[in-house]
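Just below is one structure, and these are the notes that go with it.
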Amino acid sequence: MKAVNLALQGGGSHGAFTWGVLDALLEDGSFEFPAISGTSAGAVNAVALASGWAVAVRAGRSPREGAREALRAVWNEVASLGTYGSMQREMLRVMFGAALPLAAGARSQLAFNPLRGLLERTVDFGALHDADAPKVHVGATHVRTGRAAVFSGARLTLDAVLASACLPELFAPVTIGGELYWDGGYSVNPPLAPFLHQPAGGDVLLIQINPVLQAAAPVTSSEIRERAAELTFNAGLLSQVRAVEHFNQLVGLGILPRERLLRLHRIDGGDALQRFSQSTRATADPVLVRELFTLGRETAAQWLRIHANAVGHRGTLPFREYADDTWLTFRESTRPWRVGARIHALLRAATRVLG
């Protein structure tokens, strides 16, 4: 059994694609999931999987089947809202943090969030703290400072997930510990830093919904708006992937121990979802949800065929798509200290040998 940590990006109703990916991975049965991070819809998927897993273990059932059932319950309820009237459909526009323009009359902040009731009905937050549950990290944005906040352990509550999916255009900020929080997509989508703090690095599978690359430049106002939203909600991810690569360079130089190496992988929903417009992130039509789920399963099956054997041995994420001039400048400017770092690593090794 191979251990793979999961990092689940948010993307509105396109989170149903992630549901399909997770369903296929759970059905495959080749992996266990020690830790899961997520933002917005990714946070919802993360707590559903972990809760279903833990509840099934408590009952002596298959944890993978329990996780699949919990995810199915969440998305079946989301899809059921898509068959209701205009008010419910308007709620779906922001339920999972879909970054879309709102109707003029919808900009006043509402005192309730329909996601609260959905999560109360489908997720056992107490079970998330069981020893057998995958450890979950949920990303949100601290309103006053703009900094990323990651809720884990005892801080992982229903309010933390609501904060992760809180778009300020519609909902009042979520208050946690006297501080206000907004959607995690503004700062950390999804969190990767928690995996760097683990005693052993291992493998992280990023399930990405927002595309990094676009085949053509946007031209129309709607295309420009959609691309701007993608750039905003990818910015934190790009910087985190670069940070992981820097971290791995320190491992390669011997400054950090070899077991801290973090091997990144990616299932790219960005390419798979190109045929769906940004506006579909704010809808939950049952047919759409099922189509996205099926597409996620198919994309996961392809990844399993091509990359599953790399887990535990090497990363497969194409880092060049995430690098930019800040990264290249850093690399070019650090040649002198690389020699010093290698000497330092040799001295450390000698010290260990000599006691």
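For the pair residue 193 and residue 2, the difference between a 0.36 nm per residue extended length and the Cα-Cα distance amounts to 66.6 nm. Calculated FRET efficiency, residue 28 to residue 179, Cβ-Cβ distance, R0 = 30 Å: about 0.15 to the nearest 0.05. For the range 1-69, the residue among 17, 62, 29 whose Cα projects farthest onto the positive side of the dipole built from Cβ charges is 62.
Please compute the length gained on full extension between residue 131 and residue 250, using 0.36 nm multiplied by the number of residues separating them and subtracting their Cα-Cα distance. Numbers along the way, then the final one.
Numbers: separation 119, 0.36 × 119 = 42.84 nm, distance 3.19 nm.
That works out to 39.6 nm of additional length.
Between residue 235 and residue 59, the FRET efficiency from the beta-carbon distance, with R0 = 41 Å, is close to 0.50. Between the range 281-318 and the range 16-43, the alpha-carbon centres lie 9 Å apart. Residues of the range 120-151 falling in the label zone of residue 243, defined by backbone nitrogen less than 13 Å from a point 7 Å along Cα to beta-carbon, are 139-140, 147-151.
Based on the mean of other Cβ atoms within 10 Å per residue, sort peptides 205-212, 181-188 so the most packed one is first. Don't skip to the answer; put the middle values down first.
Details: 205-212: 23.9, 181-188: 26.9.
Output ranking for 205-212, 181-188: 181-188, 205-212.
Every number in this text was worked out from the coordinates using simple rules, so none of it is lab data. Because the structure is predicted, anything quoted here is derived from the model rather than measured. Neighbour counts are summed over all protein chains in view; Cβ atoms, including those assigned to glycine, are modelled from backbone coordinates with ideal geometry.
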